[in-house]
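Contents: one structure, followed by commentary.
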Amino acid sequence: MRNDASRSSRRRLWIGGACFTISAMVHAGAVTPASASVTDGRRVLGPSSDSSAVTFTRDVAPIIQRNCQLCHSPGGIGPMPLLTFEHVRRNGPLIKQMVQAREMPPYQYDTHVGIQKLQHDWRLSDHDIATVVRWVDAGMPMGDPADMPPAPKLPAAGEYRLAATYGPPDLIVKAKKYTVPAMGQDRWWRPSVPSGVTSDRCIKAIETRPTVAGRSVTHHANSIFVPGNSNVQPDEAGGGGPGSVRLSEYALGKIGEVVPTDACRIAPAGSNVLFDIHYYPNGKEVVDDQVEVGIWFHPPEVTPQTHYRQTLGLYALQSGSGDFEIEPRGTLMTQGFHRFNTPVRIDSWQPHGHLHLVAKRLEVLYPDGRRETISMVSNWNPGWHHSHVYAEDAAPLLPAGTVMINTAWYDNTDKNPFNPDPDQWVGIGDRTADEMSHAWIAVTQLDEAGYQKLLAKRTKK
């Protein structure tokens, strides 16, 4: 039930900043009737016929507290609060629609394709979705107030989200400030600042954070370790020139990156951090925005000499000469291939695109000819970029000679609710209205002995 008003509202509000889809659909009146079935791109989740004995205080409130309130609270990025029974009841039909369609919580990852064991997985279980649907269909009863769980302690706006797991960051690197005008075209800000790293360290987790005011205008904020006193610009492969090491990648909606306990993403001593920040004005001036990166380190005994190296790379999906164009009201599929000459483990996969991307898939072609789908996103949302981190016992172990295949699908028609103008040609480029064709993938580089050791450990389990 995406009418033209709904599509227009979603488009405007995404350009203004990330995750205001719910609010747009409320105003557009795009609420699915209880009698309808909603597809999540993989299967149909229909209404439940059993609506007995489900209450807010006992059954629904724990789901909302676990999965919604962090964003839907004062200072959060959600468009309305969901802290009380009245808040949730008022938005009940919309919440039902969004969880049935698996648009909220916003975690675009197919549920029955590829690896399903993920760390930091936001998806609701089928049981939780059914509980919400039954509650709304039953008339949204409150239940016994004594059943209400205590309110969770929510972080203040602007706090590091990973701090709940790892404590305060061990190091915070701040970019130089930049004022984003209220109106205008895309802007790029590429300052270089000292990292403050005094000895080579292995990174455990990373979180890039714009200011609260700057969240809605920060399209992406990438960061690279470069040799001290260097101001070299990033190249097309996502690096920063000789001696550079990728620190992190941030895009709208992303929380952070987690490095496996047996891997080392290096923070080099004496380095600078070169930022590559893409701003998109949204109608309101943001004065002195300052992007910062919080870094958590492994203990000092974890070193680049004791652990295998993990790298975060930009793996392109190019077509023909390395460029492509999508014709007005047309569609496109493009693929990219990368052969690993040594054994590797794929630790995480983060698809990337702009307003015309609708789906992405990660596959591998093994040396013996077997072809396997690792992950799939068939309901891409440009307002939410997630680093899908595989569970350590499920991350793909690939022998030398394996070919990785990244496939992307684009839709430049009026069926795409995020498409700003289906009558325009769309080419590859850095602007928000252009399109991109790559995935960010974290890979642990192994030797044959390390590969066989991990394989034997996995087989034993």
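Worth pointing out:
- Residue within the range 336-347 that is over 17 Å from residue 441 (Cβ atoms), among the aromatic types (Phe, Trp, Tyr) and not assigned by TED's automatic domain parsing to the domain that holds residue 220 present: no
- Residue ranges of strands (runs of 3 or more DSSP E) in the range 287-376 with at least 1 members over 30 Å from residue 175 (Cα atoms): 331-339, 344-352, 357-365
- Once the range 87-120 is narrowed to residues that are of a type in the set (Lys, Arg) and under 25 Å from residue 394 (Cβ atoms), the residue that is surrounded by the fewest Cβ atoms within 10 Å (Cβ to Cβ) is 117.
- Any hit, the range 342-357, residues being surrounded by fewer than 19 Cβ atoms within 10 Å (Cβ to Cβ) and more than 26 Å from residue 250 (Cβ to Cβ): yes
- Single residue of the range 386-400 satisfying the filter (assigned to a loop (DSSP other than H, G, I, E, B) and touching a Pro at 6+ places or on another chain (Cβ under 8 Å)) that is nearest to residue 101 (Cα to Cα): 395
- Note on the range 196-214: residues that are on the phi < 0 side of the Ramachandran plot, in a loop (DSSP other than H, G, I, E, B) and either modelled with pLDDT of 95 or more or in contact with a Leu (Cβ under 8 Å, 6 or more places away or on another chain) (or both) total 1.
- Given (1) part of a loop (DSSP other than H, G, I, E, B); (2) surrounded by fewer than 20 Cβ atoms within 10 Å (Cβ to Cβ); (3) at pLDDT 90 or above; (4) not assigned by TED's automatic domain parsing to the domain that holds residue 58, index of the condition residue 179 fails: (1)
- With respect to the conditions (1) surrounded by 15 or more Cβ atoms within 10 Å (Cβ to Cβ); (2) under 22 Å from the mean Cα position of the chain (by Cα); (3) not β-branched (Val, Ile, Thr), residue 270 falls short on a single one, namely (2).
- The residue that is farthest from the chain's Cα centre (by Cα), among those in the range 401-415 that are surrounded by fewer than 20 Cβ atoms within 10 Å (Cβ to Cβ) and not in a strand (DSSP E or B), is 401.
- Count - residues of the range 114-141 that are at negative phi and within 18 Å of the chain's Cα centre (by Cα): 9
- So residue 427, is it modelled with pLDDT of 95 or more and small (Gly, Ala, Ser): no
- Residue 36 within 29 Å of residue 361 (Cβ to Cβ), hydrophobic (A, V, I, L, M, F, W, C), at pLDDT below 85 and surrounded by fewer than 19 Cβ atoms within 10 Å (Cβ to Cβ): yes
- Note on the range 89-103: residues that are over 20 Å from the mean Cα position of the chain (by Cα) and either over 13 Å from residue 133 (Cα atoms) or free of Cβ contacts under 8 Å to residues at least 12 places away in the same chain (or both) total 1.
- Condition met for residue 269 (modelled with pLDDT under 95 and over 25 Å from residue 418 (Cα atoms)): yes
The values are calculated or read from the model by the stated rules, or taken from the named source; none is laboratory data. Please read all numbers here as calculations on a predicted model, not as lab measurements. Using ideal geometry, Cβ is built from the backbone for each residue, glycine included, and neighbour counts are taken over all protein chains shown.
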